[in-house]
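One structure is given here, and the rest of the page talks about it.
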Amino acid sequence: MTPRPVIGISTHVLEAAWGRWDTIRTVLLGERYPAVVQAAGGLAVLLPPDAAEHAADAVARIDALVIAGGSDVDPARYGAARHPETVASEPERDAWETALLRAALDAGLPVLGICRGMQLLNVVCGGTLLQHLPDVVGHLGHVGAAGTYGRHPVRPVPGTLVGALLPEASVDVPTFHHQAVDRLGAGLSVSAWAEDGTVEAVEGAGFTIGVQWHPEQGDDLRLMTALVRTAAARAAAVPG
């Protein structure tokens, strides 16, 4: 049996409570992330925050990297003052995921950034973010009600990798974000737009994709399946 490719997924470290424990520091990730990796044929492993110098070692042991969604990226990382609506509360995660992305990009590892993950990918490549999208587009259409994901259409760009994987003129996606790409990072191009002009996907060299929506919250496995297949092909081609 061919081994399943190992897909590393970044995680939170947060205070949580269960059983008799009122507060305990916890490595946390929504179950849908590993579930979608598994459904696409990958072996999901969780990558909790670690020292940045260990990122290259972590990347060397996986076949692809997923940067999961979560809280806002610290705007100091792209040279901006903090907007009143920005909630940047995970500095350890910011540092670790930045190091993971840099190591993965240097190694040519397949990468999928989801929501915050796409935003951090853009920042790592030298881009900036819109810190509160309603200030720009004038509506809350990218955010669902409390505790739920919204939905809206995105338009993949023909001729891009995202456009090839999602060839429809418009795709309805699960969404929950109040920030978005502003200045595009070096080496990235836009590969999907929302109807209001918001950047909804970016891509770079090889299989480097960031999507502003949450594919793990839907039934469309095409992006994750493509990541897993690319990871498997790369692993098979590497002597070892």
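The values are calculated or read from the model by the stated rules, or taken from the named source; none is laboratory data. Remember, predicted model here, so these are calculated numbers, not experimental data. Glycine also receives a Cβ, built like all others from the backbone with ideal geometry; neighbour counts cover every protein chain displayed. With ligands, DNA and RNA removed, areas are computed over all heavy atoms of the protein, side chains included. Shrake-Rupley method; radii C 1.70, N 1.55, O 1.52, S 1.80 Å.
Take the range 55-92 and flag every residue that is out of contact with any His (no Cβ under 9 Å at 6 or more places or on another chain), in contact (Cβ under 8 Å) with a residue 12 or more places away in the chain and of a type outside the set (A, V, I, L, M, F, W, C).
R61, D63, D74, R77, Y78, G79, R82, S89, P91, E92
Please determine whether any residue of the range 202-214 is farther than 26 Å from R61 by Cα, open to solvent by less than 50 Å² (accessible area, probe 1.4 Å) and in contact with a Lys or Arg (Cβ under 7 Å, 6 or more places away or on another chain). Steps first, please.
Taking the range 202-214 as the starting set, the residues that turn out to be farther than 26 Å from R61 by Cα are 212-213.
This time we only want the ones that are open to solvent by less than 50 Å² (accessible area, probe 1.4 Å), so: 212-213.
If we keep only those that are in contact with a Lys or Arg (Cβ under 7 Å, 6 or more places away or on another chain) as well, we get none.
No, the conditions are met nowhere in the range 202-214.
Out of all the residues in the range 59-87, which are of a type in the set (G, A, S), closer than 21 Å to V143 by Cβ and open to solvent by less than 20 Å² (accessible area, probe 1.4 Å)?
A68, G69
Take the residues in the range 11-53 that are out of contact with any Pro (no Cβ under 8 Å at 6 or more places or on another chain), β-branched (V, I, T) and without any contact (Cβ under 8 Å) to a residue 40 or more places away in the chain, then tell me which one is nearest to D72 (Cα to Cα).
Among residues in the range 11-53 that are out of contact with any Pro (no Cβ under 8 Å at 6 or more places or on another chain), β-branched (V, I, T) and without any contact (Cβ under 8 Å) to a residue 40 or more places away in the chain, the one nearest to D72 (Cα to Cα) is T26.
Whether any residue in the range 104-121 is over 24 Å from Q217 (Cβ atoms), open to solvent by less than 40 Å² (accessible area, probe 1.4 Å) and in a helix (DSSP H, G or I) is what I want to check.
The answer is no; no qualifying residue exists.
Would you be able to tell me the number of residues in the range 158-173 that are open to solvent by 10 Å² or more (accessible area, probe 1.4 Å) and either within 17 Å of G113 (Cβ to Cβ) or out of contact with any strand residue (DSSP E or B) (no Cβ under 6 Å at 6 or more places or on another chain) (or both)?
The qualifying residues number 9.
Just wondering, is there one or more residues in the range 91-98 that are assigned to a loop (DSSP other than H, G, I, E, B) and not basic (K, R)?
Looking only at the range 91-98, we keep the residues that are assigned to a loop (DSSP other than H, G, I, E, B), and these are none.
Within the range 91-98, none of the residues are assigned to a loop (DSSP other than H, G, I, E, B) and not basic (K, R).
Do we have any residue at all in the range 132-150 that's part of a loop (DSSP other than H, G, I, E, B), within 22 Å of P75 (Cβ to Cβ), touching a Cys at 6+ places or on another chain (Cβ under 9 Å) and touching a residue at least 12 places away in the same chain (Cβ under 8 Å)?
no
Output the qualifying pairs, or none if there are none: Cβ atoms under 7 angstrom, residues six or more apart or on different chains, first residue in the range 157-172 and of a type in the set (A, V, I, L, M, F, W, C), second residue modelled with pLDDT of 95 or more and surrounded by fewer than 17 Cβ atoms within 10 Å (Cβ to Cβ).
Matching pairs, first to second residue: V157/V190; L165/R222; L166/R222; V171/P153.
If I ask for residues that are more than 16 Å from D94 (Cβ to Cβ), outside any helix (DSSP H, G or I) and among the hydrophobic types (A, V, I, L, M, F, W, C), which ones from the range 30-60 would you list?
Scanning the range 30-60 gives A40, L43, A44, V45, L46.
Of everything in the range 218-232, what is of a type outside the set (A, V, I, L, M, F, W, C) and buried (at least 22 other Cβ atoms within 10 Å of the Cβ)? Give them in sequence order.
Within the range 218-232, none qualify.
Can you tell me which residue in the range 10-21 is least open to solvent (accessible area, probe 1.4 Å), limited to those that are assigned to a strand (DSSP E or B) and farther than 17 Å from A95 by Cβ?
In the first step, residues of the range 10-21 are kept if they are assigned to a strand (DSSP E or B); the result is 10, 12-18, 21.
So of that shortlist, the ones also farther than 17 Å from A95 by Cβ come out as 15-18, 21.
Numbers: E15: 115, A16: 25, A17: 67, W18: 134, W21: 148 Å².
Once the filter is applied, the top-ranked residue is A16.
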